[in-house]
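Chemist: Have a look at this one before I ask anything.
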Amino acid sequence: MNKSILLTSMLGLVSIYGHAQVNSKKIPVKNTYEIKSTDNPEDILRKAVHVVPTANQYQALKNEFIAFIHIGPNTFTKMEWGNGLEDPKIFDLKNLDTDQWCEAMKAAGMKKVILTVKHHDGFVLWQSRYTKHGIMSTGFREGKGDILKDLTASCKKYGLKLGVYLSPADLFQIESADGLYGNLSEYTQRTIPREVAGRPFKNKTKFNFKVDDYNEYFLNQLFELLTEYGPVHEVWFDGAHPKTKGGQKYNYDAWRELIKKLAPEAVIFGKEDIRWCGNESGNTRSTEWNVIPYNDDPAGLQNFLDLTDEDLGSREKVLKAKYLHYQQAETNTSIREGWFYRDDTHQKVRSTDDVFDIYERSVGGNSTFLLNIPPNRDGKFSPEDVKVLHEVGSRIKETYGQNLLRGAKGSKETLDDNMESFSVLSDKNPELIYTTVKPVKINRFVIQEAVSTNGERIEKHAVDAWIDGQWKEIAHATNVGYKRILRFPEVTSDKFRIRILESRATPIISNVTAHYAPGRPPQLVFNRSVDGMVAIVPLKSEFGWKPHGEDILKNLNTNFKIHYTLDGSQPTAQSPVYTQPIAVKGGQVKAVAISTDKLVGAVAEETIGIAKKQWKIIDNSSEVDKHGAKLALDADPKTYWQTNENGVVQHISIDLGQQYSLTAFSYTPQKENGKGMMAKGVIKVSNDGKNWSDAERFEFGNLINDPTKRTHRFSKNIQARYITVESTEITGGGKLLTVAELDFIE
Ligand code: FUL
């Protein structure tokens, strides 16, 4: 134990500075604290800073960057959500190379991989004793293949941990005549696992639970997964449900008991251990607290709600809590558009810059980064995905592998790379100063609190550099928690200072490092107006950190040029230079920023629909105040058309102004309130605006969790001047339709 640790344990928490902070009374650390009606605000704050991760949660935090794998029938049908009625034979996997997956994940610096062993369609990727709806009924290795088995072996070989995603929603069990989901079976005492002749378990543990048929099925499958593969380090329960039936309930108490016994090292996602960050786009909160207020004791909770509010754990929220519980966030997103592989031509792959940016915001924002890489129909990661994973790994190593404070003078416990030692700051003057041997050029600062022993305390902090004989603030942020990465324009100095501006108790810091990430040309995005003019602009969010009101973007503008192409080819330094919005009739636009010192940024691409200037609405089912139908065609995704709440079948008919040969159409859902998204529909065409015929049906899965623009590619070109989009199913059983934007692509 170092001196600082000894000091805290002897003194407990001391005195008050600046802002309300808790005093010396010492209480034990716990994973959950109940708030008593007699607790005053100071008592509550004291409890808040004594809420710490369990050993499993702490290990999971330390993994930082982990992988998700979505593969299943959807890989072959190109759907986001299956329907449970797929013939297993469509899962036409011929080759499988889990070593190739693991090599790439390892190169990226990932520590764990979670496989969708059963997605919502109910198809299982392992040799389960309890169903035939899965890999055993496919031609893959003559029905003997087992993806989880292959992956377990590859994980061992590459030193990766393993996790399983077992979807509670199960469309096969919902839709089949003798399906178990919601079959209203009786709750009776059942022994888990149920023995199956000829396939005994080596693990002889037995459980007795009072459950119904579907819970028994689910528990039997969990038993197989947790005893015959692994060791399993994460069990992932998705809250998404394309459908439910018969009021089916989940006996989470039984699931929890079985998991705790059979996979004692596992964290449980979607339940008490790990929560969803609230979106699937890789967005992060600027303040992510992991000490979360609850109304009921999470230890006995059956249903955990998705927590999507921007503020989950501020002091204000904490003071109203009935329970305070440590529940860390996982930032889950996909490297590709969608969770499943579709193709290598139209399905966009995130660039290295983009993935690295999400890495810094999520890992450096007190959360874990869970990145999905969907294998292709050849059972491999596609080359582009592999390239990005390798590049991200190198970027992380180059930036964070080198601590530029190494050898500096300053608090030893924060410089020793050891999460277990820490420095207790002074209450009067809560700051840390580091003096490097010689001046260093930096643009990243990393701070970690001693969360496993002393909880989350810091609410606001700033970092200064000693420049021209005085301190100059170079960055500031709110909380810290497990890890905060601060990004700022580069500075060169030999003296840096961390100032804690607000804290719930005496700040206790375990690690501090500084780094330099070479500047990169910015990522680009396209903004398109009704008349077809396309503006190419740097992505704001990446540079949205303006520590002193300096516009970093403006600085950058002088250092790079944007080049673009309109014919689908890769833009290079020889391609036209972008200076002002360009007239684009439709088709593919690609653009890249190249810096004066020849660094090439990530290529951005977008398929632009035909210009909307000539379009006229000839008919629409209804529209409500302020949400007129024309807002679906105004090229502004922030405004939207909304119909009356009178049924799932809603339509809009448009005169495109001339005949087109269309290859695809896109639907952009509104993001304001998640209401009325178009899950299914039909495209109708006409050449006179009067006589219509059905052209093609379409379906968009998973819109509620991922309300992003979706594209449906027509099976063959559609020739039309008049076109109708008609909904046939609305998300969440809704009866009104909303459309932020419609696009048609030539
Ligand atoms: C969502 C699911 O519906 C998606 O298909 C995907 O599995 C994602 C990770 O969670 O809610």
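The values are calculated or read from the model by the stated rules, or taken from the named source; none is laboratory data. Bear in mind the structure is a predicted one, so any value in this text is a computation, not a measurement. FYI the Cβ positions are ideal-geometry reconstructions off the backbone, even for glycines, and counts take in every protein chain you see. Note: accessible area is taken over every heavy atom of the protein model, side chains too, but ligands, DNA and RNA are not part of it. Shrake-Rupley method; radii C 1.70, N 1.55, O 1.52, S 1.80 Å.
Chemist: For region 137-149, give me the residue count where each residue is surrounded by 19 or more Cβ atoms within 10 Å (Cβ to Cβ) and part of a helix (DSSP H, G or I).
Modeler: The qualifying residues number 3.
Chemist: Step by step: first the residues of region 115-131, then only those that are in contact (Cβ under 8 Å) with a residue 24 or more places away in the chain and open to solvent by 10 Å² or more (accessible area, probe 1.4 Å), then the one that is nearest to the ligand (Cβ to nearest atom). Which residue is that? Steps first, please.
Modeler: First pass over region 115-131, keeping only residues in contact (Cβ under 8 Å) with a residue 24 or more places away in the chain: 115-126, 128-131.
Within this subset, residues satisfying the condition of being open to solvent by 10 Å² or more (accessible area, probe 1.4 Å) are 119, 129-131.
On the way: H119: 6, R129: 25, Y130: 22, T131: 19 Å.
Per the stated criteria, the residue is H119.
Chemist: Does at least one position in region 490-503 carry a residue that is part of a loop (DSSP other than H, G, I, E, B), in contact (Cβ under 8 Å) with a residue 24 or more places away in the chain, crowded, with 18+ Cβ neighbours inside 10 Å and not aromatic (F, W, Y)? Let's see the steps before the verdict.
Modeler: If we filter region 490-503 for residues that are part of a loop (DSSP other than H, G, I, E, B), which is where we start, we get none.
Checked region 490-503: no residue is part of a loop (DSSP other than H, G, I, E, B), in contact (Cβ under 8 Å) with a residue 24 or more places away in the chain, crowded, with 18+ Cβ neighbours inside 10 Å and not aromatic (F, W, Y).
Chemist: A further question on this structure: For residues in region 277-323 being in contact with a Ser or Thr (Cβ under 6 Å, 6 or more places away or on another chain) and among the acidic types (D, E), which is surrounded by the most Cβ atoms within 10 Å (Cβ to Cβ)?
Modeler: Checking each candidate, the answer is E288.
Residues checked against (1) in contact with a strand residue (DSSP E or B) (Cβ under 6 Å, 6 or more places away or on another chain); (2) at negative phi; (3) touching a residue at least 12 places away in the same chain (Cβ under 8 Å); (4) surrounded by 21 or more Cβ atoms within 10 Å (Cβ to Cβ):
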| position | (1), (2), (3), (4) |
| --- | --- |
| G401 | no, yes, no, no |
| G410 | yes, no, yes, no |
| D417 | no, no, yes, no |
| S426 | no, yes, no, no |
| F445 | yes, yes, yes, yes |
| V451 | no, yes, yes, yes |
| E456 | yes, yes, yes, yes |
| W466 | yes, yes, yes, no |
| Y482 | no, yes, yes, yes |
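Chemist: Of these, R377, R342, which one is open to solvent by 40 Å² or more (accessible area, probe 1.4 Å), at pLDDT 95 or above and more than 16 Å from the ligand (Cβ to nearest atom)?
Modeler: Working: R342 fails: more than 16 Å from the ligand (Cβ to nearest atom).
It is R377.
Chemist: Could you list, in sequence order, all residues of region 597-606 that are under 26 Å from the mean Cα position of the chain (by Cα) and not in a strand (DSSP E or B)?
Modeler: Restricting attention to region 597-606, the residues satisfying the condition of being under 26 Å from the mean Cα position of the chain (by Cα) are 601-606.
Once the filter is applied, which keeps residues that are under 26 Å from the mean Cα position of the chain (by Cα) and not in a strand (DSSP E or B), region 597-606 yields G601, A602, V603.
Chemist: Do we have T32 as surrounded by fewer than 22 Cβ atoms within 10 Å (Cβ to Cβ) and hydroxyl-bearing (S, T, Y) here? It would help to see each step written out before you state the result.
Modeler: Details: surrounded by fewer than 22 Cβ atoms within 10 Å (Cβ to Cβ): yes; hydroxyl-bearing (S, T, Y): yes.
Judged against the criteria, T32 is a match.
Chemist: Another question, then. Name every residue in region 468-480 that is open to solvent by 60 Å² or more (accessible area, probe 1.4 Å) and farther than 30 Å from L312 by Cβ, in order of residue number. So that I can check it myself, show each step before the final result.
Modeler: Narrowing region 468-480 to residues open to solvent by 60 Å² or more (accessible area, probe 1.4 Å): 468, 470-472, 476.
Scanning region 468-480 gives D468, Q470, W471, K472.
Chemist: With the requirement that a residue be open to solvent by 10 Å² or more (accessible area, probe 1.4 Å) and on the phi < 0 side of the Ramachandran plot, what does region 195-206 give you?
Modeler: As a first pass, look at region 195-206 and keep what is open to solvent by 10 Å² or more (accessible area, probe 1.4 Å): 195-200, 202-206.
If the condition is that a residue be open to solvent by 10 Å² or more (accessible area, probe 1.4 Å) and on the phi < 0 side of the Ramachandran plot, then E195, V196, A197, R199, P200, K202, N203, K204, T205, K206 are the ones that fit.
Chemist: Quick one: G84 ticks every box in (1) at negative phi; (2) at pLDDT 95 or above; (3) out of contact with any strand residue (DSSP E or B) (no Cβ under 9 Å at 6 or more places or on another chain) except a single one, so which number is it?
Modeler: G84 satisfies every listed condition except (1).
Chemist: Consider only pairs whose beta carbons are under 8 Å apart and that are at least six residues apart or on different chains; among these, list those whose first residue lies in region 151-171 and is open to solvent by 10 Å² or more (accessible area, probe 1.4 Å) and more than 16 Å from the ligand (Cβ to nearest atom) and whose second residue is among the basic types (K, R) and assigned to a strand (DSSP E or B).
Modeler: L160/K112; K161/K112
Chemist: I need the full set of residues from region 297-332 which are assigned to a loop (DSSP other than H, G, I, E, B) and over 29 Å from N702 (Cα atoms), in order please. Explain how you work it out, then say what you get.
Modeler: Kept after step one, since they are assigned to a loop (DSSP other than H, G, I, E, B), are these residues of region 297-332: 297, 301-314, 319-322, 327.
The answer is D297, S314, L319, K320, A321, K322.
Chemist: What are the pairs with Cβ atoms under 7 angstrom where one residue, in region 372-392, is in contact (Cβ under 8 Å) with a residue 60 or more places away in the chain and over 11 Å from A108 (Cβ atoms) and the other, located anywhere, is more than 16 Å from the ligand (Cβ to nearest atom) and of a type outside the set (D, E)? Sequence gap at least six, or different chains.
Modeler: P375/W101; P375/F381; N376/S382; D378/N95; G379/L93; G379/N95; G379/L96; K380/Q100
Chemist: Another one. Just checking, which of I610, I594, I617 is assigned to a loop (DSSP other than H, G, I, E, B) and either open to solvent by less than 80 Å² (accessible area, probe 1.4 Å) or of a type in the set (D, E) (or both)?
Modeler: Details: I594 fails: assigned to a loop (DSSP other than H, G, I, E, B); I617 fails: assigned to a loop (DSSP other than H, G, I, E, B).
None of the others qualify; the one that does is I610.
Chemist: When you scan region 229-253, how many residues do you find that are more than 16 Å from the ligand (Cβ to nearest atom) and either outside any helix (DSSP H, G or I) or touching a residue at least 60 places away in the same chain (Cβ under 8 Å) (or both)?
Modeler: To start, the set of residues in region 229-253 that are more than 16 Å from the ligand (Cβ to nearest atom) comprises 229-233, 245-249, 251-253.
Narrowing the set further to residues that are either outside any helix (DSSP H, G or I) or touching a residue at least 60 places away in the same chain (Cβ under 8 Å) (or both) leaves 229-233, 245-249, 251.
Qualifying residue count, region 229-253: 11.
Chemist: Determine, yes or no, whether N220 is open to solvent by 60 Å² or more (accessible area, probe 1.4 Å), away from the ligand (no atom under 16 Å from the Cβ) and not in a loop (DSSP other than H, G, I, E, B). If you could, list the steps in order and put the result at the bottom.
Modeler: On the way: open to solvent by 60 Å² or more (accessible area, probe 1.4 Å): no; away from the ligand (no atom under 16 Å from the Cβ): yes; not in a loop (DSSP other than H, G, I, E, B): yes.
It is false that N220 is open to solvent by 60 Å² or more (accessible area, probe 1.4 Å), away from the ligand (no atom under 16 Å from the Cβ) and not in a loop (DSSP other than H, G, I, E, B).
Chemist: Please go through region 715-729 and give me each residue that is in contact with a strand residue (DSSP E or B) (Cβ under 7 Å, 6 or more places away or on another chain) and open to solvent by 10 Å² or more (accessible area, probe 1.4 Å), ordered by number.
Modeler: Residues satisfying the conditions are S715, N717, I718, Q719, R721, Y722, E726, T728, E729.
Chemist: Also, I was wondering about something else. May I ask you to verify whether R315 is more than 17 Å from the chain's Cα centre (by Cα), away from the ligand (no atom under 16 Å from the Cβ) and over 22 Å from I114 (Cα atoms)? Let's see the steps before the verdict.
Modeler: Details: more than 17 Å from the chain's Cα centre (by Cα): yes; away from the ligand (no atom under 16 Å from the Cβ): yes; over 22 Å from I114 (Cα atoms): yes.
Yes: the conditions hold for R315.
Chemist: Could you tell me which residue of region 55-78 is least open to solvent (accessible area, probe 1.4 Å), considering only residues that are in contact with a helix residue (DSSP H, G or I) (Cβ under 8 Å, 6 or more places away or on another chain) and part of a loop (DSSP other than H, G, I, E, B)?
Modeler: I71
Chemist: If you don't mind, another one. Within region 639-746, which strands (runs of 3 or more DSSP E) (wholly inside it) include 2 or more residues that are touching a residue at least 60 places away in the same chain (Cβ under 8 Å), more than 28 Å from T345 (Cα to Cα) and not aliphatic (A, V, I, L, M)? Quick ask: steps written out before the conclusion?
Modeler: Details: elements: 651-668, 678-686, 693-699, 710-730, 741-745.
Fully inside region 639-746 and qualifying: 651-668, 710-730.
Chemist: Quick one: in region 667-714, of everything that is among the hydroxyl-bearing types (S, T, Y) and surrounded by fewer than 17 Cβ atoms within 10 Å (Cβ to Cβ), which residue is nearest to the ligand (Cβ to nearest atom)? Please lay out each step first, then the result.
Modeler: Just the residues of region 667-714 that are among the hydroxyl-bearing types (S, T, Y), to begin with: 667-668, 686, 693, 708, 711.
In the following step, the residues that additionally are surrounded by fewer than 17 Cβ atoms within 10 Å (Cβ to Cβ) were identified as 693, 708.
Numbers: S693: 33, T708: 12 Å.
Among those residues, the one meeting the criterion is T708.
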